[in-house]
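The values are calculated or read from the model by the stated rules, or taken from the named source; none is laboratory data. Because the structure is a prediction, the values reported are computed rather than measured. Every residue, glycine as well, gets a Cβ built from its backbone with ideal geometry; the counts of neighbours run over all protein chains shown.
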Amino acid sequence: MTRLARCHRLLLRAYPAWYRRERGEEMLGTLLEASPPGRRWPSLRDARALIMGGFRVRAGQNQRLTRAANLRLAVLLGAALALLWLVAGDLTDVILHWTHTYSPSPGIASEAVYGVLTLAAVVAAWFAPRLVVAVLAVAAAALYVSWGDRIMAIQPAGLLILLAVLVFGRERLPRSWLWLAGVVFAADLLQGLTPANPLYFLYIPLVFVPWIILGIVVLWAAVDARPLIAMAIYIASKYLFVSALSYLGYGVVPLASWQWYLPTIGAAILAAAGTWRLRHQVVL
Amino acid sequence: MSEMREPTYFVLASLLDGPLHGYGIIKRVADLSDGRVRLATGTLYTALDRLTAEGYVRLVREEIVNGRARRSYGLTQPGATALRAEARRMAQAADLVTSRDHPRRAGAASRKARPA
């Protein structure tokens with residue numbers, strides 16, 4: 001095998017394995033035929049197109065969707081991320097209660113139930129039939145409203161209803177987005193657990209995780225802007241609801257003004273940039 | 001298809017005379033556009049994936065050449081219809097400008113020809 005073929009093979013690794021099995025040899029043949037004789041390295045144009053093409057396939061962007069369909073998927077992912085943050089909070093409480101408190105608490109049992117039910121609804125959004133997702137989400141929303149504080153239930157119940165409605169679109173959430181949901185959930189869960197020894201050493205690294213994810217998602221917007229919009233919804237959901245309650249004097253810890261206006265401005269900029277980018281997302 | 005980008009248009013146009021394999025499409029597109037549209041291989045296969053999914057292009061032949069799979073793609077009826085619709089749309093858009101070009105040029109020419 002020539003050096004050029006080896007380089008092209010390396011670049012083709014930008015595509016997922018299933019795609020390379022299907023198309024890899026055919027693409028390699030075309031690449032070699034299209035290269036001028038005596039060429040030893042791939043052209044910059046070919047390299048860029050292969051890398052971007054591979055990323056597009058990985059992002060599920062090789063099929064053209066309307067802007068509305070892309071926006072629906074972005075909001076659906078945003079709702080899923082925001083719900084995972086809430087679930088992480090519920091499950092953190094439950095785990096800390098089990099590991100550090102030995103007195104029975106009726107509130108913890110209900111937190112565990114709607115935490116698990118919400119988690120099931122979010123995971124089902126990727127894998128289960130749409131009706132199952134809707135039933136799980138509506139059941140979890142009903143539990144939040146009936147068992148918990150009505151005002152505090154507005155956020156999870158609203159997000160769950162949004163999930164139940166948006167899941168009834170033609171396109172499913174791409175499986176390649178699971179890594180984002182998984183990392184966000186794991187970071188939120190671990191961050192909640194860090195006050196408990198022996199996980200305290202994770203506190204400082206975990207502070208940087210959301211910023212690293214945000215950086216990756218901003219860069220990824222060159223290929224697919226939908227995760228950027230989803231992150232904007234996640235940030236807005238994480239900070240704005242509690243800030244609004246705090247502002248209204250509801251029984252939550254009052255926040256300093258910068259704690260809500262910086263995330264507000266940040267989320268608005270990300271959402272606007274992501275929505276603008278969606279228009280230019282598909283280059284062919 | 002609401003809006004057809006130029007590379008997509010030329011990929012479909014390259015298949016008007018019959019099925020072609022990947023490199024054949026790249027060469028034909030370059031010929032048809034007088035070298036203006038130069039498709040990179042990655043770009044071509046992104047377009048072929050989408051056009052196949054939309055039913056505008058279909059796989060017509062698969063053979064092994066030099067130990068590698070070579071697939072030829074052909075235009076489907078919906079693909080040909082979409083291509084013609086896009087060609088008509090572009091012709092109308094071009095006509096909007098070119099039809100106004102004439103009187104102005106003619107006017108300019110007559111002004112030049114007029115004796116001082």
Single unsatisfied condition, B:R58 versus (1) assigned to a helix (DSSP H, G or I); (2) over 16 Å from A:G29 (Cβ atoms): (1)
Cβ-Cβ under 9 Å pairs, at least 6 apart or on other chains, segment A:212-235 side farther than 23 Å from A:L163 by Cβ, far side buried (at least 24 other Cβ atoms within 10 Å of the Cβ) and polar (S, T, N, Q): A:V223/A:Q61
Hits in segment B:60-97 (condition: within 11 Å of chain A (Cβ to nearest Cβ) and more than 20 Å from B:L12 (Cα to Cα)): B:E63, B:I64, B:V65, B:N66, B:G67, B:R68, B:A69
Answer from B:R84, B:R88 - the residue that is assigned to a helix (DSSP H, G or I), loosely packed, with under 12 Cβ neighbours inside 10 Å and at pLDDT 90 or above: B:R88
Members of segment A:265-284 that are buried (at least 16 other Cβ atoms within 10 Å of the Cβ), at pLDDT 75 or above and among the β-branched types (V, I, T): A:T275
Members of segment B:34-43 that are closer than 24 Å to A:R56 by Cα and either in a helix (DSSP H, G or I) or more than 9 Å from chain A (Cβ to nearest Cβ) (or both): B:V37, B:T41, B:G42, B:T43
Residues of segment A:1-23 satisfying the condition of being of a type outside the set (A, V, I, L, M) and closer than 18 Å to B:I26 by Cβ: A:H8, A:R23
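Here's the yes/no breakdown for (1) in contact with a helix residue (DSSP H, G or I) (Cβ under 8 Å, 6 or more places away or on another chain); (2) within 27 Å of A:A49 (Cα to Cα); (3) at pLDDT 90 or above:
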| position | (1), (2), (3) |
| --- | --- |
| B:L48 | yes, yes, yes |
| B:L51 | yes, yes, yes |
| B:V57 | yes, yes, yes |
| B:A69 | yes, yes, no |
| B:D101 | no, no, no |
Index of the failed condition, B:D31 passing every other in (1) within 9 Å of chain A (Cβ to nearest Cβ); (2) out of contact with any helix residue (DSSP H, G or I) (no Cβ under 8 Å at 6 or more places or on another chain): (1)
Residue tally, condition of a type outside the set (D, E, K, R), under 23 Å from A:A109 (Cβ atoms) and not in a helix (DSSP H, G or I), over segment A:121-167: 4
Count of residues meeting criterion [surrounded by fewer than 15 Cβ atoms within 10 Å (Cβ to Cβ) and either touching a residue at least 12 places away in the same chain (Cβ under 8 Å) or more than 19 Å from B:R71 (Cβ to Cβ) (or both)] in segment A:10-33: 4
The listed residue being assigned to a loop (DSSP other than H, G, I, E, B), more than 8 Å from chain B (Cβ to nearest Cβ) and closer than 19 Å to B:N66 by Cα, out of A:P42, A:P36: A:P36
Residues within segment A:37-88 that are among the small types (G, A, S) and surrounded by fewer than 17 Cβ atoms within 10 Å (Cβ to Cβ), tallied: 4
Subset of segment B:1-28 [within 13 Å of another protein chain (Cβ to nearest Cβ) and among the hydrophobic types (A, V, I, L, M, F, W, C)]: B:M1, B:M4, B:F10, B:V11, B:L12, B:L20, B:I25, B:I26
Of the criteria (1) in contact (Cβ under 8 Å) with a residue 12 or more places away in the chain; (2) buried (at least 16 other Cβ atoms within 10 Å of the Cβ), which one B:A69 fails: (1)
